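Step one of this worksheet: look at the structure below.
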């Protein structure tokens, strides 16, 4: 792979990775949010594959394919099944409206850029220069986690953070050992499976998964 093609593909993958994370803040439809998470999984897999091809490491390429399949196919399907067709599939009352959320995302992007500059200056390569993107998605995921009311939306926020941590690991240190990445991926898969069981039981018992409504019921 030529250096120019490597930089172009890396920029493409990182741009798609960031865009899908920010668009989660724009959408309220839970099905659309799940699809955006799946697209981000494709971007993450592409990012890892590009790094693996550039480094000439088959293990990294295969790991990128596996991570992409898990984040783009398996987890979105599980979350899609957790989203009942009879339940309201909208974030009707997020704590922060869409316009403000997008402004917050811009502030978080500037904050991520400022925080990551010392790390980038240590090793100014095309990969490390994309670290601010991973950190931005991490902060956006945390913002989604604390401002959305639906349990499924909050899980997507957690998974965005997990994607960002994975991307940062590959961008800064050429990834993590295969056993560690597989262990983390299995933990995430287990968390989503538990979520599916819990949301099914919550809908059966209370008729929905809005956390504020459940708190009012408890009170």
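The values are calculated or read from the model by the stated rules, or taken from the named source; none is laboratory data. These numbers were taken from a predicted model, which means no experiment stands behind them. Here the Cβ is made from the backbone with ideal geometry for all residues, glycine too, and neighbour counts use every protein chain on show.
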### Residues (within 12 Å of the chain's Cα centre (by Cα) and surrounded by fewer than 18 Cβ atoms within 10 Å (Cβ to Cβ)) located in segment 24-38
35
### Query
Hey, does segment 2-12 have a residue that's modelled with pLDDT under 95 and not in a helix (DSSP H, G or I)?
yes
#### Entry: Verdict on residue 160 being assigned to a helix (DSSP H, G or I), under 13 Å from residue 37 (Cβ atoms), at pLDDT 90 or above and within 18 Å of the chain's Cα centre (by Cα)
yes
#### Entry: Matching residues in segment 115-131 - criterion: being part of a helix (DSSP H, G or I) and exposed (fewer than 11 other Cβ atoms within 10 Å of the Cβ)
118, 121, 122
### Task
Pull up segment 46-62, narrow it to residues that are buried (at least 23 other Cβ atoms within 10 Å of the Cβ) and within 17 Å of the chain's Cα centre (by Cα), then point me to the one that is nearest to residue 170 (Cα to Cα).
48
### Message
Just to check your reading of the model, which residue among 134, 151 is buried (at least 22 other Cβ atoms within 10 Å of the Cβ) and in contact (Cβ under 8 Å) with a residue 12 or more places away in the chain?
### Response
134
